[in-house]
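What follows is one structure encoded as structure tokens, with my remarks underneath.
Derivation of every value follows stated rules applied to the coordinates shown; laboratory data play no part. Note that the structure is predicted; figures quoted are calculated from it, not measured. Heads up, the Cβs are rebuilt from the backbone with ideal geometry, glycines too, and the neighbour counts pull from every protein chain shown.
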Amino acid sequence: MLNIDTIASQAKAIAGKLNIHKYDVSGSSIDSTSAQVDQGEPKQVKASQRSSVTVRVWNDKGTVGITSTSDTDAEGLELALKTAYEASAFGAKDNVPDFSPEATASIADVKHENHKQAPVSNLIERLVAAEKELLAAHEAIESVPYNGLSQQDSQRFYFNSDGAVRSEGGSYVSTYLYTKTAQEGRRSRSAGAYRVAYGLEQLDINGCIQETAEKTISHLDYEKIESGKYTVVFSPEAFLSLVGAFSNLFNAQSILDNRSLSTVESLGTEIAQPMLSIYDDALHPANVGATAFDDEGTPTRRIPLIEKGILNGFLHSSGTAKRMNTQPTGHANMGAKITVSPHFYHITSSGEGEQSLSLDTAENVVYVDELSALHAGVQSLQGSFSLPFDGWLLNKGKKISVESATVAGDIREVLKSILQVDAEEKLSPSGVAPHVWVEGLSVTGE
């Protein structure tokens, strides 16, 4: 892996030679391998080593230039610094970015584990076994067309001319399995599951197989659903997907660009039922990809977005924080321009309200397990959505798969129509969340 102190020293020497007084550098290095199988044979095997470095340089007039490179050696750094310096002459004069005021502040001691990558043959062997077990789980399961097992070693770093130097790195593995069924005279049905861990031996592949099989089998006996208004239970993954689709609610850059459902004045207003709280928590213990700092070197932390239904915070870079007279939150991404994005949502019950609703006793309730077509079915600036979903109709313990349907609504009305936020939480790729019950959503059967 990269020696960050060496790279920082090289950059300092090169900047001195080029008469550059102010600069910063953000970058990463990733070494990954992955495998896919099909009918017991390897379908695709990939291995890659890639690095990316983004360099910003400020000139004596205070404007900034930015460039990116994949070269982390001295020659690559020199070219990047020189190019960024030349570009700084054309830099914007309004809202010029600066170093984060927290670039040298202490950062959290994040749990990172390093595991030696397993041979690709081991990945293929485990995937073949998983595929075989799924095909044997039910005669209707025809194939596992989407599957994968990947492992990755990564390293991130940030340093600047004021002496800030940060780096972190670790490894993780992930797997996904997604089935397809074939029954005469019946529609093909599909279901899938995902698991992630620090190392291959910790990865719950058996749990992924079992969840995929159970979901697939439960979808075989499907029925049409009548269109109408229903109480809807969103699975943890589905509700995280919905919140993520409307992340402009919390994005300070989107707010400043007038591309958000929120405004600066929205802080402190009630936008959800008191039983709901949402945090962005890059340091959550369940977050295998936890990071201690963003691309500007700002430490990450647990940021309250909604607490007991009240909008309490936005996600900031150093630039948006300065314009809103607050502190950066550790959510900056450095590219051609600085953008803001979430790390890892933690959606939780605030403890308000009774936990009286149960999946085992629910009557005429739609369970949304997975949302589809988020890129097409979400109008993020209007707040509306109409999305196909996989799920079931629940009736007093009976679970009937929904043949084909969409769920529609407005995210602002959804947040205000929550009936219950369950206590039990589950890990998914984008965060941790419980089941969330929402009253009166439109479900359209096809």
Using Cβ counts within 10 Å as a stand-in for footprinting exposure, how do Met324, Met275 rank, fewest first?
Met324, Met275
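For region 301-373, give the magnitude of the charge dipole about the Cα centre (Cβ charges: +1 Lys/Arg, -1 Asp/Glu; no others), in debye to the nearest 20. Show your work: numbers first, answer last.
On the way: 6 positive and 7 negative charges, 191 e Å.
Approximately 920 debye in magnitude.
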Evaluate the charge dipole of region 172-216 about its Cα centre and quote only its size in Debye, nearest 20, assuming +1 on the Cβ of each Lys and Arg and -1 on the Cβ of each Asp and Glu.
320
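Listing Val53, Val165, Val421 from the residue with the fewest other Cβ atoms within 10 Å to the one with the most, what is the order? Present the calculation step by step, with values, prior to reporting the outcome.
Values: Val53 23, Val165 17, Val421 26.
Going from sparsest to densest Cβ surroundings: Val165, Val53, Val421.
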Given Lys46/Lys180; Lys22/Lys82; Lys61/Lys93, the pairs whose alpha carbons are separated by over 18 Å
Lys46/Lys180
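Of all DSSP beta bridges located in the chain, what percent are antiparallel, nearest 5?
Numbers: 109 of 118 bridges.
Roughly 90 percent of the beta bridges in the chain run antiparallel, per DSSP.
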Within region 221-446, the percent of DSSP beta bridges that are antiparallel, given to the nearest 5, stands at 85
Could you point to the residue in Ala193, Asn287, Thr326 farthest towards the positive end of the chain's charge dipole, with +1 and -1 charges on the Cβ of Lys/Arg and Asp/Glu respectively?
Thr326
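Before anything else, pin down the relative contact order of region 221-446: Cα pairs under 8 Å, at least 6 apart, normalised by residue count, whole percent. Let's see the in-between values first.
Details: 563 pairs, mean separation 68.6, N = 226.
Computed over region 221-446, the figure is 30 percent.
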Rounded, prolate or oblate: which fits region 174-235, taking a ≥ b ≥ c as square roots of the Cα gyration tensor eigenvalues, rounded meaning a/c under 1.5, else prolate when a/b beats b/c?
oblate
Just going by the charge dipole of the chain, with Lys and Arg at +1 and Asp and Glu at -1 on Cβ, which of Ala108, Ser167, Ala8 is farthest out on the positive end?
Ala8
Pick from Pro434, Pro285, Pro236 the residue whose mean-square fluctuation is largest in a GNM of the chain, springs joining Cα atoms under 10 Å.
Pro285
How many angstrom separate the Cα center of region 11-83 from the Cα center of region 337-407?
39
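Just add up the charged neighbours of Ser174: K/R +1, D/E -1, any other residue whose Cβ is under 12 Å from the Cβ of Ser174. Don't skip to the answer; put the middle values down first.
Values: positive: Arg195; negative: Asp204.
Within the 12 Å Cβ shell, the charges total 0.
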State whether region 221-446 is rounded, prolate or oblate according to the following rule on the C-alpha gyration tensor (a ≥ b ≥ c being the square roots of its eigenvalues): a/c under 1.5 gives rounded; otherwise a/b larger than b/c gives prolate, and the remaining case gives oblate.
prolate
Furthest towards positive pole of dipole, Asn147, Val128, Tyr158, structure part region 126-177, Cβ charges:
Tyr158
Would you calculate, for the chain, the mean residue ellipticity at 222 nm contributed by helices, counting each DSSP H stretch of 4 or more residues as -39,500 (n - 2.57) and dividing by all residues, to the nearest 500?
-6000 deg cm²/dmol
